[in-house]
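What follows is a set of notes on a single structure, which appears directly below.
The values are calculated or read from the model by the stated rules, or taken from the named source; none is laboratory data. Values in this document were obtained by computation on a predicted structure and should not be read as measured data. Here the Cβ is made from the backbone with ideal geometry for all residues, glycine too, and neighbour counts use every protein chain on show.
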Amino acid sequence: MTRPATPSIDAAARSELRLTRGIRVTWWYTLSAIVFFELVLLTLAISVLADGEATPFVVAVVAGGGLVWCASTVVLLTDYRDRTDTGPLAPWPRTLAPLLTAAAYGAAIVTLTGLWVLAALPLAQALMFLNWQAGVRLRVVLLVTVVLAALWAIDMQETLGDRGFIGIYVVSLPGMTVASLWWWDVLIALDRARASEARLAATQERLRVATDVHDLQGHHLQVIALQLELAERLLARDPQAALEHLQTARTSVDEARQGTRDLATRFRAVPLRDELANAVDLLRAAGIAAEASVDPDADLAPAAVLGPVIRETTTNVLRHGGGGWARLALTRVGSSWLYEITNDRGADVAAAQDGAGLDGLARRAADAGGVLDVRRAPREFAVSMTVPAQVGVLP
């Protein structure tokens with residue numbers, strides 16, 4: 001069993017990964033929903049034309065042009081994804097081609113069918129994806145809706161007749177599109193607020209660390225400076241007293257060094273409860289049905305000893321397990337802590353494959369005054385480590 005080159009389990013990284021995936025899924029849902037709305041409209045338009053007096057050529061042009069128009073909106077949506085409130089209205093070199101596509105498609109529709117409401121929709125829909133400011137966007141949507149409603153009324157009298165139900169969908173499409181984009185904007189705003197909060201928390205944490213280091217080092221440096229000054233004054237007339245002050249200064253140096261080391265250790269340590277939660281997340285991400293049982297007092301367990309063991313055994317399950325299930329447990333047993341991980345075992349996994357890694361875990365357990373136990377069964381594999389409760393507990 002070999003430790004991974006990079007940390008395989010990290011609470012902040014796992015949380016960030018889940019959040020990033022959720023945002024990505026939401027974006028694809030937004031994009032697919034808008035394109036679906038457009039395809040539904042295209043299907044309705046083709047149905048109306050096919051049932052009417054339109055020739056197969058007209059139907060084919062409307063259908064083919066509609067697919068090209070839908071594809072062009074994907075380009076606009078891609079640009080919209082990373083918009084900011086202070087950004088330009090549109091990245092014009094990329095936006096110009098979709099806008100011209102929408103305009104050309106609209107011109108072809110009105111020329112071939114005489115339906116003004118369908119002709120105006122492609123360009124009106126394209127305008128929804130521009131980076132309008134919040135108040136301006138609402139006014140643009142209302143204006144476009146009014147224009148489309150007016151064109152629908154004209155088409156109802158001259159062309160559509162009793163097929164006017166398609167107009168309802170056309171007039172509603174810009175509003176539905178903006179509603180979908182509004183949900184995306186809300187999600188992005190929340191994510192940016194979360195990122196700002198995380199940066200603020202990191203800044204506050206760095207400030208707290210700096211304060212602790214300043215207080216620790218400042219105190220000891222002040223003592224050292226005072227002892228050295230006294231030793232300098234006494235060196236000529238009382239060498240023995242000067243030596244005592246030098247010894248006191250050296251002791252302060254050792255205390256400052258140890259205090260700094262302890263402070264760094266406290267900030268590097270990851271609570272075992274988080275280690276186990278991250279192990280479960282990692283296993284589940286690999287398709288393994290994982291669960292963990294954690295003692296309520298797990299924060300008192302020796303994290304310096306058990307933390308690396310949790311990471312190593314989780315990696316071992318990923319590499320050599322059967323990939324079906326895994327159970328992790330951390331419990332208090334008298335004056336000791338028991339960590340155990342059990343998983344299904346693949347039929348083709350030989351015992352020799354995990355020997356080196358288990359030897360390393362056994363040495364780690366022995367160094368901590370604990371015991372490692374390995375149980376092998378045809379379809380199950382379990383590793384447990386028992387360590388004294390006070391080993392590695394941080395002050």
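Observations on the model:
- The one condition in (1) of a type in the set (D, E, K, R); (2) modelled with pLDDT under 90; (3) farther than 22 Å from residue 33 by Cβ that residue 191 fails to fulfil: (3)
- Every residue from region 124-139 that is of a type outside the set (S, T, N, Q) and closer than 17 Å to residue 77 by Cβ: 124, 126, 127, 128, 129, 130, 132, 137
- The listed residues are 300, 263, 306, 243, and the only one of them that is more than 25 Å from the chain's Cα centre (by Cα), at pLDDT 85 or above and not assigned by TED's automatic domain parsing to the domain that holds residue 378 turns out to be 243.
- Per-region count, region 68-106, residues farther than 15 Å from residue 34 by Cβ and surrounded by fewer than 19 Cβ atoms within 10 Å (Cβ to Cβ): 17
- Per-region count, region 109-123, residues more than 18 Å from residue 79 (Cβ to Cβ) and buried (at least 18 other Cβ atoms within 10 Å of the Cβ): 10
- Index of the failed condition, residue 278 passing every other in (1) outside the structural domain of residue 358 (by TED's automatic domain parsing); (2) in contact (Cβ under 8 Å) with a residue 60 or more places away in the chain: (1)
- Taken together, 197, 275, 229 contain a single residue that is at pLDDT below 80 and either part of a helix (DSSP H, G or I) or over 30 Å from residue 306 (Cβ atoms) (or both), which is 197.
- Region 44-138 holds helices (runs of 4 or more DSSP H) entirely within its bounds, and those carrying 1 or more residues that are within 21 Å of residue 187 (Cβ to Cβ), hydroxyl-bearing (Ser, Thr, Tyr) and at pLDDT 90 or above map to 56-81.
- Pairing each residue of region 23-36 that is closer than 18 Å to residue 72 by Cβ with any residue that is surrounded by 15 or more Cβ atoms within 10 Å (Cβ to Cβ), provided the two are 6+ apart or on different chains, yields C-beta distances under 6 Å for 30/180; 30/184; 31/77; 33/180; 34/177; 34/180; 35/70.
- Top-ranked residue of region 281-313 - restricted to ones that are assigned to a loop (DSSP other than H, G, I, E, B) and in contact (Cβ under 8 Å) with a residue 24 or more places away in the chain, ranked as surrounded by the fewest Cβ atoms within 10 Å (Cβ to Cβ): 287
- Matching residues in region 99-116 - criterion: being under 23 Å from residue 130 (Cβ atoms) and either in contact (Cβ under 8 Å) with a residue 60 or more places away in the chain or out of contact with any Phe, Trp or Tyr (no Cβ under 7 Å at 6 or more places or on another chain) (or both): 99, 100, 103, 104, 106, 107, 108, 109, 116
- Complete set of residues in region 110-130 that are among the polar types (S, T, N, Q) and within 40 Å of the chain's Cα centre (by Cα): 125
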